[in-house]
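The values are calculated or read from the model by the stated rules, or taken from the named source; none is laboratory data. All of these numbers come straight from a predicted model, not from anything done at the bench. In this analysis, Cβ positions are derived from the backbone assuming ideal geometry, glycine residues included, and neighbour counts consider all displayed protein chains.
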Amino acid sequence: MSKENVKKRIDELRRLIEYHNYRYYVLDSPEISDSEYDSLMRELMRLEEENPEFIVPDSPTQRVGAPPLDFFPPFVHKVPMLSIDNAMSGDELTAFHQRVVKWLGKEDISYCCEPKFDGLAVEIVYENGLFVRGGTRGDGYTGEDVSANLRTVKSIPLRLITQNPPELLEVRGEIIMYKDAFEDLNRERSRMQEPLFANPRNAAAGSLRQLDSRITASRSLAFFTYGVSDPASVGLSSQYEILMRLRGYGFRVNPDVRLIRGMDEVMKFCLSMQEKRETLPFEIDGVVVKVDSTIDQDFLGVKARSPRWAVAYKFPPNQATTTLRTIEVQVGRTGVLTPVAKLDPVKVGGVTVSRATLHNAEEIRRKDIREGDTVIVQRAGDVIPEIVAPVVSKRTGREKEFDMPKTCPVCGSPIIQDTGREDGEKGVMFRCVNISCPAVVKEQIRHFASKDALSIDGLGKKIIDKLVDRGLVRDASDIYTLTRDELMEIEGFGELSSSNLLRSIQESKKTTLSRFLYGLGIPHVGEVTAKDLAEHFGSLERIMNAQLEEIDSIKGIGKEMSRAIHGFFANESNRNVIKKLLENGVEISAPKPREVPETPIKGKRFCFTGTLQSMTRSEAAKKVEEKGGEAVSTVSSHLDYLVAGEEPGSKLEKARSLGIPVLSEKEFLEMIKGS
């Protein structure tokens with residue numbers, strides 16, 4: 001590339017980065033993902049390093065972040081709040097360590113490793129132990145004074161817990177919003193027909209930078225500290241010890257902070273946090289690795305925009321932007337139509353994504369998603385990718401709004417819209433009314449043969465498609481009438497594969513009642529409900545002949561679910577399929593009664609909110625179930641106890657309004673122990 005072209009690319013990158021800084025920091029409306037922004041910045045840094053004659057004072061590489069909003073008073077940082085360089089791979093993390101070893105002239109180096117919160121960086125100033133002011137990072141030198149808003153964040157102490165506080169203490173950390181609080185906020189904004197936040201970080205930033213601090217107070221924000229501006233202010237020379245001292249002062253410190261010696265162990269920690277990422281109640285996007293000794297930190301010093309003694313190991317991004325080309329409609333095993341987005345392929349979380357679920361037509365309307373939109377795509381762990389929101393600012397006017405089809409895209413039958421539970425209002429589900437629709441039949445067979453149902457090994461999607469298309473299988477009972485000759489006529493089947501499939505079909509005939517019920521594909525009935533039905537009734541005959549009132553009386557089964565179960569077994573076509581399954585040799589064993597000792601928890605319903613210190617919420621739920629209780633995810637008048645951890649969400653207020661007893665984590669543990 002010629003010098004002229006290099007200069008043009010540098011100028012273009014600067015314009016792009018400044019524009020996206022403005023979208024993110026000023027408008028709170030980002031158009032690209034963090035990984036895409038990082039890629040632009042890294043390219044600019046590389047080009048400037050290779051061509052130092054083109055470096056100018058106002059380049060984005062020469063400062064940190066973006067300028068503050070002009071409607072907040074300025075907040076000047078006595079010590080600049082620098083950003084941290086990124087390591088996008090294990091090799092880059094090792095290269096960082098090798099540079100540190102070279103500069104310090106020693107191999108034995110300890111690192112303080114801190115999960116990297118995905119929030120908004122702030123500094124809070126204490127004088128003689130009292131909160132006096134606080135501000136955002138801004139451009140690293142001057143931020144926005146948001147003292148009034150920071151005072152509303154309950155996890156920020158207004159007075160330090162110490163008899164001998166430092167005369168001046170400048171604490172730095174991250175304002176975040178927990179995942180459940182973010183979901184509650186977006187649900188409320190949807191109800192009020194307000195724009196949705198793209199992610200918890202975006203919601204935290206928008207909440208803290210409100211001119212009316214009462215709005216900030218209404219949002220569930222939390223603060224975690226990651227250090228101080230001047231280690232001398234606390235009289236310590238270890239980053240890890242500083243964090244422990246701050247914890248003693250009353251600040252929240254990430255419980256996963258570790259002091260680690262050697263880069264091999266650091267890498268193991270980074271990978272373990274990457275695996276743990278989705279189970280955490282808050283968003284993290286990496287691990288910050290800091291040389292622990294502040295004496296060594298001083299020796300290593302800083303570059304123009306970042307310290308030489310720290311690096312952020314970044315996880316593969318869970319969000320990215322791409323173009324939504326078309327919206328297709330799939331037909332499921334209950335006839336429900338599900339819109340699916342076809343996307344320009346994009347890497348999300350280390351996986352190439354070209355399709356994403358849109359859930360239903362109401363979700364598309366609520367998010368205002370259109371064909372042709374630039375969209376933000378999200379993937380969490382192994383969950384199916386979904387579209388978070390469209391980037392409205394990139395619309396050209398050629399985007400098309402989506403309408404559900406009036407007829408089934410597979411069989412052409414009429415489409416109906418489900419009614420609501422009891423009020424007759426239209427629901428969000430559209431359904432194909434043809435029970436013989438090939439798409440419905442294929443999905444039903446696939447579910448029936450799945451691992452958690454009848455577990456027919458070898459009966460996969462492609463084979464099921466061929467069996468249904470040839471008319472050999474019209475419902476689940478036909479699986480057990482298949483012959484070797486019929487299979488041998490299908491392309492891809494030989495003697496061995498036919499024998500293996502027939503053997504697997506034969507072995508599946510012996511099953512349990514709960515697996516059989518789950519395999520039938522009854523609407524709303526998952527594995528847990530199937531087990532509850534099996535344990536309550538004890539036999540298939542009793543379930544098939546049960547009255548609606550008896551089904552409705554089972555704990556954990558609501559009115560909508562009980563109507564679906566009763567209606568399924570009242571349907572003559574379904575009863576005929578079950579009859580043929582039994583005639584074709586399926587044998588169902590009765591469930592063994594589950595013995596649960598009498599305890600104070602048995603039969604009680606628990607719900608959890610906030611962060612528990614001694615265990616995760618899923619671990620707590622498992623303990624409840626082991627003692628014969630039930631863990632639920634929502635607060636209702638049927639709840640017996642709400643267990644509130646740190647930074648509880650809106651569930652706490654609802655529980656109090658309903659008069660439901662609220663337990664602290666300590667009280668919950670005592671109740672468990674007493675059981």
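Do the conditions hold for Ser110, that is, is it out of contact with any Pro (no Cβ under 6 Å at 6 or more places or on another chain), more than 20 Å from Thr216 (Cβ to Cβ), of a type in the set (Ser, Thr, Tyr) and at pLDDT 90 or above? Spelling it out, Ser110 is indeed out of contact with any Pro (no Cβ under 6 Å at 6 or more places or on another chain), more than 20 Å from Thr216 (Cβ to Cβ), of a type in the set (Ser, Thr, Tyr) and at pLDDT 90 or above. Scan the stretch 246-253 and give yes if some residue there is touching a Lys or Arg at 6+ places or on another chain (Cβ under 9 Å), among the aromatic types (Phe, Trp, Tyr) and in contact (Cβ under 8 Å) with a residue 40 or more places away in the chain, otherwise no. So far as the stretch 246-253 goes, no, none of its residues is touching a Lys or Arg at 6+ places or on another chain (Cβ under 9 Å), among the aromatic types (Phe, Trp, Tyr) and in contact (Cβ under 8 Å) with a residue 40 or more places away in the chain. Considering (1) farther than 17 Å from Ile578 by Cα; (2) touching a strand residue (DSSP E or B) at 6+ places or on another chain (Cβ under 8 Å), the lone condition that Leu454 does not fulfil carries the number (1).
One residue stands out in the stretch 101-120 among those that are of a type outside the set (Asp, Glu) and crowded, with 21+ Cβ neighbours inside 10 Å: the one that is farthest from Phe224 (Cα to Cα), namely Tyr111.
For the stretch 154-251, please list each of the helices (runs of 4 or more DSSP H) lying entirely inside it that holds at least 2 residues being surrounded by fewer than 21 Cβ atoms within 10 Å (Cβ to Cβ), over 23 Å from the mean Cα position of the chain (by Cα) and basic (Lys, Arg).
Values: elements: 179-191, 200-208, 213-218, 239-249.
Result: 239-249.
Exactly one residue among Val288, Val391 is in contact with a Cys (Cβ under 9 Å, 6 or more places away or on another chain) and within 30 Å of Phe224 (Cβ to Cβ), and that residue is Val288. For the stretch 428-448, the candidate set comprises residues that are hydrophobic (A, V, I, L, M, F, W, C) and in contact with a helix residue (DSSP H, G or I) (Cβ under 7 Å, 6 or more places away or on another chain); within that set, the residue that is farthest from Asp403 (Cα to Cα) is Phe448. Every listed requirement among (1) within 24 Å of Ser33 (Cα to Cα); (2) out of contact with any Pro (no Cβ under 8 Å at 6 or more places or on another chain) is met by Thr225 save one, (1). Number of residues in the stretch 106-130 that are under 15 Å from Ser83 (Cα atoms) and in a loop (DSSP other than H, G, I, E, B) equals 2. The numbered conditions (1) surrounded by fewer than 17 Cβ atoms within 10 Å (Cβ to Cβ); (2) at pLDDT 90 or above; (3) within 32 Å of the chain's Cα centre (by Cα) are all true for Ser89 except (2). For the stretch 308-324, the criterion of a residue being aliphatic (A, V, I, L, M), surrounded by fewer than 21 Cβ atoms within 10 Å (Cβ to Cβ) and at pLDDT below 90 is satisfied by no position.
When the stretch 512-562 is limited to residues that are surrounded by fewer than 18 Cβ atoms within 10 Å (Cβ to Cβ), of a type in the set (Lys, Arg) and under 21 Å from Val632 (Cβ atoms), the one that is modelled with the lowest pLDDT turns out to be Lys555.
The condition of being at pLDDT 90 or above and more than 30 Å from Pro345 (Cβ to Cβ) holds for only one of Arg446, Arg431, Arg470, Arg395, that being Arg470.
The residue pairs whose first member lies in the stretch 616-631 and is without any contact (Cβ under 8 Å) to a residue 60 or more places away in the chain, whose second member is among the acidic types (Asp, Glu) and part of a helix (DSSP H, G or I), and whose beta carbons are closer than 9 Å, counting only pairs six or more residues apart or on different chains, are Ala620/Glu665; Ala631/Glu625. Just one of the listed residues (Gly629, Gly585, Gly610) is under 30 Å from Gly521 (Cβ atoms), modelled with pLDDT of 80 or more and not assigned by TED's automatic domain parsing to the domain that holds Ser508, namely Gly629. Restricted to the stretch 26-58, and to residues there that are under 16 Å from Ser393 (Cα atoms) and out of contact with any Pro (no Cβ under 7 Å at 6 or more places or on another chain), the residue that is modelled with the lowest pLDDT is Val26. Condition check: touching a Leu at 6+ places or on another chain (Cβ under 8 Å) and among the basic types (Lys, Arg). Does Arg191 satisfy that? In short, no.
When Leu658 is tested against (1) in contact with a strand residue (DSSP E or B) (Cβ under 7 Å, 6 or more places away or on another chain); (2) at pLDDT below 85; (3) among the aliphatic types (A, V, I, L, M), exactly one condition is not met: (1). Going by the conditions given, is Ser589 touching a residue at least 40 places away in the same chain (Cβ under 8 Å) and either in contact with an Asp or Glu (Cβ under 9 Å, 6 or more places away or on another chain) or of a type in the set (A, V, I, L, M) (or both)? Taking the combined requirement at face value, the residue does not satisfy it.
Which residues, taken from the stretch 385-400, are out of contact with any Asp or Glu (no Cβ under 8 Å at 6 or more places or on another chain) and either free of Cβ contacts under 8 Å to residues at least 12 places away in the same chain or part of a loop (DSSP other than H, G, I, E, B) (or both)? Answer for the stretch 385-400, where residues must be out of contact with any Asp or Glu (no Cβ under 8 Å at 6 or more places or on another chain) and either free of Cβ contacts under 8 Å to residues at least 12 places away in the same chain or part of a loop (DSSP other than H, G, I, E, B) (or both): Pro385, Thr396, Gly397, Arg398.
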